[in-house]
Amino acid sequence: MSENNTPSYIANAKPNPMENRAPWYKNTAPAYAGILLWFVFWTMINSNSLVNGIVVPIVAVIVGALVCHFFFYLTAGLFGMKTGLPLAVIGSSIFGEKGGIIMPGLLMGVLQFGWVAVNCIGASQVAPMLNVPAWVFILAWGGLATFIGLKGIKYVAGISTYLPLVPLAALIILLSVTVGHVGDFDPKVLTSLPAKAAPAVDNCTIFMGIVTAFVAFFATAGAAGVDFGTASRNTKDVHLAGLVGVAFMMIFTCVAAIVIIAGAYGNPDVAQKIIATKGVAGVSATDVMNALLGDSFGKWLFVALALAAFPSACFSSLIAANSFKAMLPNINSTVSVTLGGAAAIALAISMQSNAGAIAEVLTIIGVSFGPICGAIFVEYFLCKGNWGGPRKGMNPAGWLAWAIGFGVGILPTFGICEIPMTPVVTFAIGAVVYFVAMKAGLKSEQK
């Protein structure tokens, strides 16, 4: 704390100077592109999404990408660009200077270990190919990622420069051998095998499922747009970074996944191989690689995809470390991050055999940050794009918005009720509650 009792994370915050900023294509867009090229993202699209054809899934991908750009990233990025200040500081106007230590400060750090767990679960799919027990792979993977994240940005950047090119190359290779058979794809092949059939679902369910998956995956990255925005020079940089790095990359990777799956099943010889080994239910673009490219090439391409995901785990650990250092300056970050890494490893080991584990973790992350993104969205318009500074203590409006949004969003996890598009709903609840509470005067004084 400083002499005027302002928390250190605010008192010590300095805007990123203009001379340290760069064009959108040198920082924000490539950073987001690297996140969205991660194979775990584009494998959320699978054959179950194609049971009624490819048109609805493609429309859903486009809508989901635009929702993530305009509602989750854009206002956050503009806040960062205009102020040069990080998310934790900007969040102090929504949750209060003391409340901001927890929300979004420490919450962002804690949830990063959820991302480490997701990364470990996804990458551990290659463990059997390497004849390594999954738990040993996860222990080594998560432990090394935590260690490198603690070492700092120089070490994380050192292993992140070229590895994102691996999934890009994989998508291009798979597209080249499948695009010619997309016109031959008959969705009936996915529902005509009673023993292995993909579940029959209506187009509305398919549409909502894809949009939900996009928002759950992107919610924390959208809020982190504040931090990315501090590296932008102007409004144009923020817009182009989001349109290219977020919207376009989401559309490219997932439409590519749709084309790859449809083209694979549209080729009778390849389809026969896939059905014999994988069936037709829940089959993703990575599941068809062996049938398309041969067992040897397909296996090692998947290993390469897993290795290319490693920088993402390191980056999550780095964000957690920076969050703990800023929010809890009196606590040794090595201890807190090591404990967080251990928890992530334990979670991954306990869930790695659960086919729906990644979706479950991402849903919790999405509903945790959905209300925060909704409040950021409303805050931007309430202050007409000009950040008003931190609020004293704990701002009731922000905490009400998060508590109600998260409280509703977590209900399906406990089987209490079904809520379609839960992360989207929590965003809307957070936005509406924050707006109403602020207009009703349930707010603390600005400093």
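Applying 1/(1 + (r/R0)^6) with R0 = 51 Å to the Cβ-Cβ distance of Phe147 and Ala281 gives a FRET efficiency near 0.85.
Normalising the Debye intensity of the range 99-224 to I(0), with uniform scatterers on Cα atoms only, and taking log10 at q = 0.14, 0.21 Å⁻¹ returns -1.05, -1.36.
Compared with the direct C-alpha span, the chain from Lys273 to Asn330 gains 14.7 nm at full extension, assuming 0.36 nm per residue.
Averaged over its residues, the chain has an accessible area of 41 Å² per residue, based on protein heavy atoms and a 1.4 Å probe.
Please name which of Leu150, Thr363, Asn395 has its Cα lying farthest along the dipole of the chain towards the positive end, using unit charges on Cβ (Lys, Arg +1; Asp, Glu -1) and the Cα centre as origin. Going by the Cα projections, it comes out as Asn395. Using the Cβ-Cβ distance between Thr205 and Phe414 with R0 = 22 Å, the FRET efficiency computed as 1/(1 + (r/R0)^6) comes to roughly 0.50. Of the GluC sites (Glu not before Pro) found in the range 333-423, those in coil by DSSP whose Cβ has at most 15 other Cβ atoms within 10 Å are Glu418. Here the accessible area is traced with a 1.4 Å probe on the protein chains. For the chain, carbon and sulfur cover 67 percent of it.
Think of each Lys and Arg Cβ as +1 and each Asp and Glu Cβ as -1; about the Cα centre, that makes the dipole of the chain roughly 980 debye. Taking only the alpha carbons of the range 229-320, we obtain Rg and Dmax values of 17.9, 54 Å in that order.
Modelled spin-label separation between Ala403 and Val436, with each label point placed 7 Å from Cα along the Cα-to-Cβ direction: 1.5 nm. Kirkwood-type hydrodynamic radius, the range 1-116: 17.3 Å, calculated from all non-identical alpha-carbon pairs. Our coupling estimate for the range 300-305, obtained by passing each phi through the Karplus curve with A = 6.51, B = -1.76, C = 1.60 and θ = phi - 60°, is 6, 5, 5, 4, 5, 4 Hz, Gly and Pro reported as x. A Förster radius of 22 Å combined with the Cβ-Cβ distance from Phe381 to Lys14 puts the calculated FRET efficiency at roughly 0.25.
The GNM of the chain, with springs linking C-alpha atoms under 10 angstrom apart, assigns the highest mean-square fluctuation among Thr146, Thr253, Thr43 to Thr43.
Full extension of the chain between Ala342 and Leu193 yields a length gain of 49.3 nm, computed as 0.36 nm times the residue separation minus the alpha carbon distance.
Couplings for the range 18-35, taken from phi via the Karplus curve 6.51 cos²θ - 1.76 cosθ + 1.60 with θ = phi - 60°, read 4, 5, 8, 9, 8, x, 4, 7, 9, 9, 5, 4, x, 5, 5, 4, x, 5 Hz in order; Gly and Pro are left as x. Pick out, from Val280, Asn48, Gln446, the residue whose Cα sits farthest towards the positive end of the charge dipole of the chain, with +1 on the Cβ of Lys and Arg and -1 on the Cβ of Asp and Glu. Of the candidates, Gln446 comes out farthest on the positive side.
Rounded to the nearest Hz, the phi-derived 3J(HN,Hα) couplings of the range 308-320 under the Karplus curve 6.51 cos²θ - 1.76 cosθ + 1.60 (θ = phi - 60°) are 5, 7, 4, x, 5, 5, 5, 5, 4, 5, 5, 4, 4, where x marks glycine and proline.
The values are calculated or read from the model by the stated rules, or taken from the named source; none is laboratory data. Just so it is clear, the model here is predicted, and its values are computed rather than measured. Glycine also receives a Cβ, built like all others from the backbone with ideal geometry; neighbour counts cover every protein chain displayed. Ligands, DNA and RNA are excluded from the accessible area calculation, which covers all protein heavy atoms including side chains. Shrake-Rupley method; radii C 1.70, N 1.55, O 1.52, S 1.80 Å.
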